[in-house]
Amino acid sequence: MSENREQLAEMADGLFAGLRGGEFDTFQTQIGEAGFGLLLVPESSEGFGGDWGDLATVMRLAGKHALAWPLGEHILAARLLHDAGRHADALTLLAGESSIPWGREAGDVLVERDGQILLVSGEVSAGESPAGEPRDMVAYDWDRAVPLGIEADLFGLIAFLRVCQTAGALDAALELAIEHTGQREQFGRPLSKFQSVQQSIALLAVEAAAANCAAQGAAAALDRFGHGGDARFEIGAAKLRSNIAIKVGAALAHQVHGAIGFTQDYPLHELTRRMMGWRSEGGNDAYWSARLGAQTLEWGGQGLWDQITRRTDPG
Amino acid sequence: MSENREQLAEMADGLFAGLRGGEFDTFQTQIGEAGFGLLLVPESSEGFGGDWGDLATVMRLAGKHALAWPLGEHILAARLLHDAGRHADALTLLAGESSIPWGREAGDVLVERDGQILLVSGEVSAGESPAGEPRDMVAYDWDRAVPLGIEADLFGLIAFLRVCQTAGALDAALELAIEHTGQREQFGRPLSKFQSVQQSIALLAVEAAAANCAAQGAAAALDRFGHGGDARFEIGAAKLRSNIAIKVGAALAHQVHGAIGFTQDYPLHELTRRMMGWRSEGGNDAYWSARLGAQTLEWGGQGLWDQITRRTDPG
Amino acid sequence: MQTFAVHPFEAPENAQSIRSDLRAFLAQHQPDKDPVLRANCWTEFDPAFSQALGAAGYLGMLWPSQYGGHERLPLERYIVLEELLAAGAPVGAHWIADRQTGPLLLRYGTEEQREKYLPGFAAGTMYACIGLSEPGSGSDLASVRSSARKTDAGWVLSGQKVWTTGAHISHAMLALMRSEESSERQSGLSQFLIDLDLPGITIRPIIDMFGTHHFNEVFFDDVLVPHGALVGKEGEGWKQATAELALERSGPERYLSSHALLAAVIDSLGPDASAEVTATIGRLVSEMWTLRQMSMSVAAKLASGVDPVVEASIVKDLGNTFEQEMPLAIQAVLDADLADGSDLSRLLATLLQVSPSFSLRGGTREILRGIIARGLGLR
Amino acid sequence: MQTFAVHPFEAPENAQSIRSDLRAFLAQHQPDKDPVLRANCWTEFDPAFSQALGAAGYLGMLWPSQYGGHERLPLERYIVLEELLAAGAPVGAHWIADRQTGPLLLRYGTEEQREKYLPGFAAGTMYACIGLSEPGSGSDLASVRSSARKTDAGWVLSGQKVWTTGAHISHAMLALMRSEESSERQSGLSQFLIDLDLPGITIRPIIDMFGTHHFNEVFFDDVLVPHGALVGKEGEGWKQATAELALERSGPERYLSSHALLAAVIDSLGPDASAEVTATIGRLVSEMWTLRQMSMSVAAKLASGVDPVVEASIVKDLGNTFEQEMPLAIQAVLDADLADGSDLSRLLATLLQVSPSFSLRGGTREILRGIIARGLGLR
């Protein structure tokens, strides 16, 4: 990790840890003051000038700390507004699908319609995610929509956010599992000394590792191919893999925790409930497997390997 | 198990165990002499008068002993010939798909074409199953085909045979696993005393159990609805489940055996290699999941439960 | 070797009329229930429903009529359970009393205990809970520290039970207590049936991750219970509690408790569903059909007087796995925004959250597989 | 906590030219190879191919030129391995000498040993095998009973090794022997590099379930080897053998060894494949792409001088699982009669048979997960 990114990670880690259990408005102030909203805005425009790897780092930590704030949607919106030569006054969010996290709090929303990226607002009907977070449907006022004249793969970018958050949440669940099984005794020895518990935790670590590597791979593709849609192959592969990681990992984390993992007071559910929702956001398994499969069949057998290597080789 | 069926099982178990490693021609003589070919032919026609549960019992044992002879195909052909008022002189087999086990040895073959069951022969091109058993393609001589004027779901019946064989083969693999891990020591104690080995064998037992119950359920449906195609729901559900059981079970059986399981001298591969082939015979996962899914969607949510219960309730 | 010797389920001749009667009953008592409540119905407490069920003769079905029972056949009861679960009926309130506490009293209880509790259980008006787990015990259920001290006036109970499902709506707890001082592990334990309104008992909710209240901590602070609260023999508590757990083995709840989701998804799709969704439904139905064959075989074996320990553990393990994977398999292929507020999305979202807990039901996966391994002679 | 700290793979600038050179080489040397031989290519012995590969500079790539090596960069070698495996090239003959024995000699060997073996290894004309397992040892590799007795004339070796891959085509075996009488477990062991043409050595084939010969039993009947056959320090054999196994961690073979099947299936399908097949391809490609990210990260970390034990074990475990499931996943959706004699059917049938063995490669699943658990501080 570069030194800049390390500093960024340290700052995000501290801030998000401190925000746990806090209020939406406080978050907004503190995150705003820390300048996270401008993560992807170039330094020349007084932003942080970060790249997609930096965003992956920050979103991973948001996932790790179960951050209850639409940070990724906000960072992306700020970047796209900047691409369009604009600046947001109120909280602007990026919308990749019909419902939007904390839509009720947003001033404007960036939405794709008929291939155009529009800045629009609308009437909100409150809803919630499986984790019980606000996730609202918006009836957009298309008549007042402003076309931004930029290109961006909004749906893919939402998928990317979820992959990064999953990477952090699975690592956090792994940490809880290690801590819990090290402390709890059964039949006279710590749970962590039972072979079957060790095997389960190892498997959880494997899934967390897969999600983390997938997130990095997708970030590298965005850094190389930009956010207009050319990184869709890597984003899709990463999202599909991270959906699998959630399926396997969440079950394992709860399994080694036993009943305590389902209580309100224990923090595991803050991670697992969110992850369960993310599996449906930014494309579920069927969505991405169909697209990746079709892309692969178009490339052909040797073509698949050509493409996979060419997309990471220099030049 | 009825007393009749117990006797049948005892006879089959002994005979098939004795045939292991023998020659095709010997099999034919001995199986013929024991009268297994007439298992489903009514007693009034000098057959055994067995039902589909009896066939399940026999085929389960054929699977258990890795019987290298197309017994099921032969029993079914004899029954259908009887349905058509005919009698076979040479070895007649039933063909459910393009290749036929031991097609080279068959006199005639029963095939479905354009909705008709035909008795036909043809030119054989030798092939082999993944287990290395003869499995031949036949170029049928349609001009000399004899329509039998009966109805039977040939493809479904082949699927049923494979389900029953899988039930026996998985139980046999389980038995080998228990025996092997009880005898082999590692780190100073039998393998079977390691928790992770126990968990793997337990899971193998679960899959073997599922295959056995699926086979019985399909046999019960054939007994109730006949072999004309009305038992397709149960046969399909059983075949799909037994395909899963092979996938999980074969891997577990080899895993607990380690390297020895892959040697020619150890009998595990006689079971697992056959099972791997059976997953593709009588319909693979995609074939049956599409059909079961479509049938279910036609029934609807409440209808599914209505049908599932009605099909086992008396009356 | 045949681990799972399949036992044919000879369905009672009146099976269809049992089903149609019960379906009519449900149509009357649950006409417009929120679909979300039909998910994981087995833990849903609805005393009014339980009482109606009791009045209609669907509780204590196998018990002698002198205790309010109905002297029906085991497989008749099995069919009733199947129908209740498939319909997603809220059976949580009476579940333990009907399935475990009642049968245990018939086996080990005194005449007085039977007369006191069974009629209420069968009427669906009295409920029971199980006091086994203690803080820190986890799967090690023999690590009981709660104590029962014999005095002239009765037994004095002290200690704490935890994860007690439904203690807050139950009238009595069947608790395992250490009745012999400084005894260890499985020895020196006894079972007591404790009226939960006695002085010295405190019930504190454990709120689960959805903010709902199923579990409790129950504290016993020198609670005096009469001598007649002892169930069975003093010091035989472990054996009896094991038998009590074995009664978990009788039913189809391991694969039908969230059947409502499967039915709802199917109804939402219609015949022109995508190939991937259709195939997923096909796979789930194959698994469900197979589990039903397995569960019926266990029920038939139990009805014939055999206790199929290994077979029942196999069904539990497989059933837990099936119900845990079903919502995730549906989510993987269903094109739905889970926040759209539709019944189906809410049902799916609920089960996605609950599903990881399914591998803890009826003993964790490791314990169930350990029981199977023991049955296979490996330990 | 971040178990798998992702290390960026800075691909060498000449990556594309390395690939195109190698692809041209393969097109020349493997023009019409039976596709079935491309499956599980990593175990396929083809000395002529290995020799051509050596002549073209693709073996001993990292070794000093004085020993016939080519002093290339680790990630250049990684790219070569990727290409060889993805193409299904028969790399079995030289694999162990190039991956393990050679590097071990560079680390622990004497000058004499290096000069004797490394040039032949790098030329693809000399092959090596590993003598670790013994009858009954299973995963307990420290239970070595084969002995080495020091005499004036040299060491006298007695005992038996088993499951020795490629002993019958190898020139030398690097064997772990008990060099200190009545020592126990990991202590008192030493490594010897043994020329397999010495008197007293008997190599017997172990025929696998397909009738093919990869494994061997190797018997040592008072075999006299010179003192110079001792590798590294006397009594340090366990430590060295562990380092030797660690060299297994470097490559992409855990997820690419049966890539040929995936490529063949894709080519057989074309863009109008069924939805289920297409989705399955998508899932496999997602897994494969992720494994490549993981494998490249491990390679990059190794290249930077760190030994990522846990990360490498994670990739091995996941790679084994992926390759084990791939043929079954394809079989589940591919409409094919496996006996139809087509290349694809034969390839699929072959891998279906071999695939269960993949969970034994590089340590069984339990051992790999044990290493991961240890890395997490659980043991």
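The values are calculated or read from the model by the stated rules, or taken from the named source; none is laboratory data. Fair warning: this is a prediction, and the values are worked out from it, not measured in the lab. Neighbour counts run over all protein chains shown; Cβ positions are idealised from the backbone, glycine included.
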Mind listing just one residue for me: the one in the stretch C:24-70 that is charged (D, E, K, R) and surrounded by fewer than 16 Cβ atoms within 10 Å (Cβ to Cβ) and, of those, nearest to residue C:93 (Cα to Cα)? C:34
For residue D:66, indicate whether it is more than 14 Å from chain A (Cβ to nearest Cβ) and among the polar types (S, T, N, Q). yes
Can you tell me which residue in the stretch C:258-293 is modelled with the highest pLDDT, limited to those that are at the interface with chain B (Cβ under 7 Å from one of its Cβ atoms) and not in a helix (DSSP H, G or I)? C:273
Selected residue (criterion: nearest to the chain's Cα centre (by Cα)) from residues of the stretch D:13-28 that are in contact (Cβ under 8 Å) with a residue 24 or more places away in the chain and at the interface with chain A (Cβ under 8 Å from one of its Cβ atoms): D:19
If we ask which residues in the stretch B:277-290 are under 13 Å from residue B:233 (Cα atoms), surrounded by fewer than 24 Cβ atoms within 10 Å (Cβ to Cβ) and either more than 7 Å from every other protein chain (Cβ to nearest Cβ) or polar (S, T, N, Q) (or both), their number turns out to be 1
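Considering only residues of the stretch B:292-315 that are in contact (Cβ under 8 Å) with a residue 12 or more places away in the chain and at the interface with chain C (Cβ under 7 Å from one of its Cβ atoms), which is surrounded by the fewest Cβ atoms within 10 Å (Cβ to Cβ)? Give the steps one after another, and end with the answer.
Residues of the stretch B:292-315 in contact (Cβ under 8 Å) with a residue 12 or more places away in the chain: B:292, B:295, B:307, B:311-312.
Going one step further and asking which of them are at the interface with chain C (Cβ under 7 Å from one of its Cβ atoms), we end up with B:292, B:312.
On the way: B:292: 25, B:312: 17.
Residue satisfying both the conditions and the ranking: B:312.
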Within the stretch A:23-57, how many residues turn out to be without any contact (Cβ under 8 Å) to a residue 12 or more places away in the chain and either of a type in the set (S, T, N, Q) or not in a helix (DSSP H, G or I) (or both)? 6
Find the residue count for the stretch A:192-240, including only residues that are part of a helix (DSSP H, G or I) and aromatic (Phe, Trp, Tyr). 2
Restricting to the stretch A:15-46, name every residue that is under 19 Å from the mean Cα position of the chain (by Cα), of a type outside the set (D, E, K, R) and surrounded by fewer than 13 Cβ atoms within 10 Å (Cβ to Cβ). A:17
Restricting to the stretch B:264-291, count the residues that are touching a strand residue (DSSP E or B) at 6+ places or on another chain (Cβ under 7 Å) and either in contact (Cβ under 8 Å) with a residue 24 or more places away in the chain or farther than 30 Å from residue B:130 by Cα (or both). 0
Residue pairs, Cβ under 9 Å, 6 or more apart or interchain, first in the stretch A:65-83 and in contact (Cβ under 8 Å) with a residue 40 or more places away in the chain, second of a type in the set (Lys, Arg) and not in a helix (DSSP H, G or I). List them. A:65/A:20; A:66/A:20; A:67/A:20; A:68/A:20; A:80/A:86
Taking only the stretch B:186-203 into account, find how many residues are surrounded by fewer than 17 Cβ atoms within 10 Å (Cβ to Cβ) and either modelled with pLDDT of 95 or more or farther than 19 Å from residue D:369 by Cα (or both). 3
If you go through the stretch C:241-249 one residue at a time, do you hit one that is modelled with pLDDT under 95 and within 14 Å of chain B (Cβ to nearest Cβ)? no
Would a scan of the stretch A:135-142 turn up a residue that is of a type in the set (Ser, Thr, Tyr) and at the interface with another protein chain (Cβ under 9 Å from one of its Cβ atoms)? no
Test: residue in the stretch B:158-178 that is outside the structural domain of residue B:203 (by TED's automatic domain parsing), of a type in the set (Gly, Ala, Ser) and touching a Gly at 6+ places or on another chain (Cβ under 9 Å): no
In the stretch A:161-191, the residues that are over 12 Å from the mean Cα position of the chain (by Cα), under 14 Å from residue A:242 (Cα atoms) and either more than 10 Å from chain D (Cβ to nearest Cβ) or outside any helix (DSSP H, G or I) (or both): none
Mind checking whether some residue in the stretch A:122-134 is outside the structural domain of residue A:231 (by TED's automatic domain parsing) and among the β-branched types (Val, Ile, Thr)? yes
So residue C:321 clears everything in (1) closer than 14 Å to residue B:203 by Cα; (2) in contact with a Pro (Cβ under 8 Å, 6 or more places away or on another chain) except one condition, right? Which one? (2)
Candidates B:158, B:117, filtered to the one that is within 14 Å of chain D (Cβ to nearest Cβ), under 27 Å from residue B:63 (Cβ atoms) and touching a Leu at 6+ places or on another chain (Cβ under 9 Å): B:158
In contact with a Gly (Cβ under 8 Å, 6 or more places away or on another chain), at the interface with another protein chain (Cβ under 9 Å from one of its Cβ atoms) and crowded, with 23+ Cβ neighbours inside 10 Å, is that true of residue B:214? no
Could you check, for the stretch A:193-206, whether at least one of its residues is within 12 Å of chain D (Cβ to nearest Cβ), in contact with a helix residue (DSSP H, G or I) (Cβ under 6 Å, 6 or more places away or on another chain) and touching a residue at least 60 places away in the same chain (Cβ under 8 Å)? no
